[in-house]
1. Six or more apart or on different chains, Cβ under 6 Å: which pairs go from a residue in the stretch 36-55 that's within 14 Å of Asp77 (Cα to Cα) to one that's in a helix (DSSP H, G or I) and not small (Gly, Ala, Ser)? Could you list them?
2. What pairs come up if the first residue lies in the stretch 153-165 and is assigned by TED's automatic domain parsing to the domain that holds Leu275 and among the polar types (S, T, N, Q), the second is buried (at least 21 other Cβ atoms within 10 Å of the Cβ) and in a strand (DSSP E or B), and their beta carbons are under 9 Å apart, counting only those six or more places apart or on different chains?
3. Of these, Ser127, Ser113, Ser157, which one is more than 12 Å from ligand 2 (Cβ to nearest atom), of a type in the set (Ser, Thr, Tyr) and under 37 Å from the mean Cα position of the chain (by Cα)?
4. What is the number of the single condition among (1) acidic (Asp, Glu); (2) more than 16 Å from ligand 2 (Cβ to nearest atom); (3) surrounded by fewer than 17 Cβ atoms within 10 Å (Cβ to Cβ) that Glu273 does not meet?
5. Run down Lys145, Lys180, Lys121 and say which single residue is surrounded by fewer than 22 Cβ atoms within 10 Å (Cβ to Cβ), basic (Lys, Arg) and more than 16 Å from ligand 1 (Cβ to nearest atom).
6. Restricting attention to the stretch 363-395, report how many residues are among the acidic types (Asp, Glu), out of contact with any Phe, Trp or Tyr (no Cβ under 8 Å at 6 or more places or on another chain) and surrounded by 12 or more Cβ atoms within 10 Å (Cβ to Cβ).
7. For the list (1) modelled with pLDDT under 90; (2) assigned by TED's automatic domain parsing to the domain that holds Asp328, I need the number of the one condition that Ile387 fails.
8. Taking only pairs six or more apart or across chains, which ones have beta-carbon atoms under 8 Å, a first residue in the stretch 111-136 that is modelled with pLDDT under 95, and a second residue that is among the polar types (S, T, N, Q) and more than 13 Å from ligand 1 (Cβ to nearest atom)?
Amino acid sequence: SLSERLESAFKQIKGEGRITELNVAATVKDIRRALVDADVNYKIAKEFTDRIKDKAMGEKVLTAVSPGQLMVKIVKDELVELMGGTESELQSKGNPAVILIAGLQGSGKTTFSGKLANYLKTKKGLSPLLVAADIYRPAAIDQLKVLGGQIGVDVFSEPDNKDAVDIARKAVIQARSLNKNVVIIDTAGRLAIDEAMMTEVANVKSAVNPNEILFVVDSMTGQDAVNTAKAFNDRLNFSGVVLTKLDGDTRGGAALSIKYTVEKPIKFVSSGEKLDTLDVFYPERMAQRILGMGDITTLVEKAQAQFDEEQAKKLEKKIRKNQFDFEDFKQQLEQIKKMGNIKDLLGMIPGVGKAIKDIDISDDAFKGIEAMINSMTPFERSNPDTIDTSRRKRIAKGSGKDIADVNAFMKQFEQMKDMMKMMNKMPMGGKMPGMGG
Ligand code: GDP
Ligand code: MG
């Protein structure tokens, strides 16, 4: 798998403290090839690996993980980012909400329509109406009716009506009178992009003004999936993508290429012919699939936590010897930032979350402090006592703060150190909650 390949590419540099340009160059080539093998478009794979290269350079390698494992994590994080970061919500509110399903023949539109109706009914408590707007194959209507029967969802069809736009319009009216709150329109597809098909779907779109237009694509079609997605998007400006047939041996690289090319979120993935095998799309899971990875991410995350712990121990020692300085202060700020924003952190304290719900707490407070520390020289940071008036003036200038801000900050810092000193003298050994990383 790709993650195995990455790890082995890095095996020889075990023990090095940093990922170096040389190592990265060789590995990046490997990643690129592996991504292409996973059906990622070459140009996209290249741009992607160029970014990985920049990101990997200068990453510190932790003692607990190999550089290869760290590299896998970097690649994974970037993949997740590229695929949108988090899942994307389906708009299913309306009177009724209209969801138009489009895609090539055989991509899985009708099957997906059934799955989506089932999902909205069972998971969202909605009352859907399925609409058979594939007017070319009589069997298509029967197929949707069978699916509707299995999940207990009504199907609107007019076997003798050869006008998809008219069927769609009538279905929406019917939905209102039947008190259905979401209409799913299953349209006809062709084997390849074709003007008549596009015109028809575009006409249905203008007639019913859908809340969502979902483009359904077979993930097994690899690179072709990207071209198809582009053609449909140019014409329909769809709102989301559905990747089907992920139960096959596809690695899912199409997800990456499509998202990158059309800049539309992937909303669902479908894997199997059973009606309950529809999943909301999670970039995290797809990244893992593309990489073919097991537990590496967790391992690296654990190692990073361990790294923080080592730092915390060092810090404790310094506090005990009263050597806490601005460098330590800065590291602590970074730790806090890693944990999330201040409001979220405060919100975790029982009773506090509700009280601060409407208060705007920005993280900017830290920014000023960080700017001041950044304007100190390394010597000043480790020797706070040497920071006299002229140095304070320079720090104020460098950080865009007033001399009064610097003075206030220096005073706070001294008070903090006094408090640490006091705690050191306490019998319990001065264990400080929050300072332990
Ligand atoms: P349509 O022409 O776009 O409406 O596609 P259909 O829904 O009729 O599906 C075409 C074929 O693919 C059928 O044989 C489906 O059973 C099958 N199919 C659809 N979705 C999936 C899926 O997620 N996994 C698998 N293995 N087969 C699927
Ligand atoms: Mg169909």
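The values are calculated or read from the model by the stated rules, or taken from the named source; none is laboratory data. What you see is a predicted model, and the numbers here were worked out from it, not measured in a lab. Ideal geometry is used to build each Cβ from the backbone, glycine not excepted, and the neighbour counts take in all protein chains shown.
1. Correct list of pairs: Thr49/Val28; Thr49/Ile31; Thr49/Arg32; Ile52/Val75; Ile52/Glu78; Lys53/Val24; Lys53/Val28; Lys55/Ile74.
2. Matching pairs, first to second residue: Ser157/Leu130; Ser157/Val131; Ser157/Ala132; Ser157/Ala133.
3. Selected residue: Ser127, the only one of Ser127, Ser113, Ser157 that is more than 12 Å from ligand 2 (Cβ to nearest atom), of a type in the set (Ser, Thr, Tyr) and under 37 Å from the mean Cα position of the chain (by Cα).
4. Tallying (1) acidic (Asp, Glu); (2) more than 16 Å from ligand 2 (Cβ to nearest atom); (3) surrounded by fewer than 17 Cβ atoms within 10 Å (Cβ to Cβ), Glu273 fails exactly one: (2).
5. Lys121
6. Residues of the stretch 363-395 that are among the acidic types (Asp, Glu), as a first pass: 363-364, 370, 380, 385, 388.
Within this subset, residues satisfying the condition of being out of contact with any Phe, Trp or Tyr (no Cβ under 8 Å at 6 or more places or on another chain) are 363-364, 370, 385, 388.
Still in the list and also surrounded by 12 or more Cβ atoms within 10 Å (Cβ to Cβ): 363, 370.
Matching residues across the stretch 363-395 total 2.
7. Condition not satisfied by Ile387: (1).
8. Close Cβ pairs satisfying both conditions: Lys124/Ser92; Ile135/Asn161.
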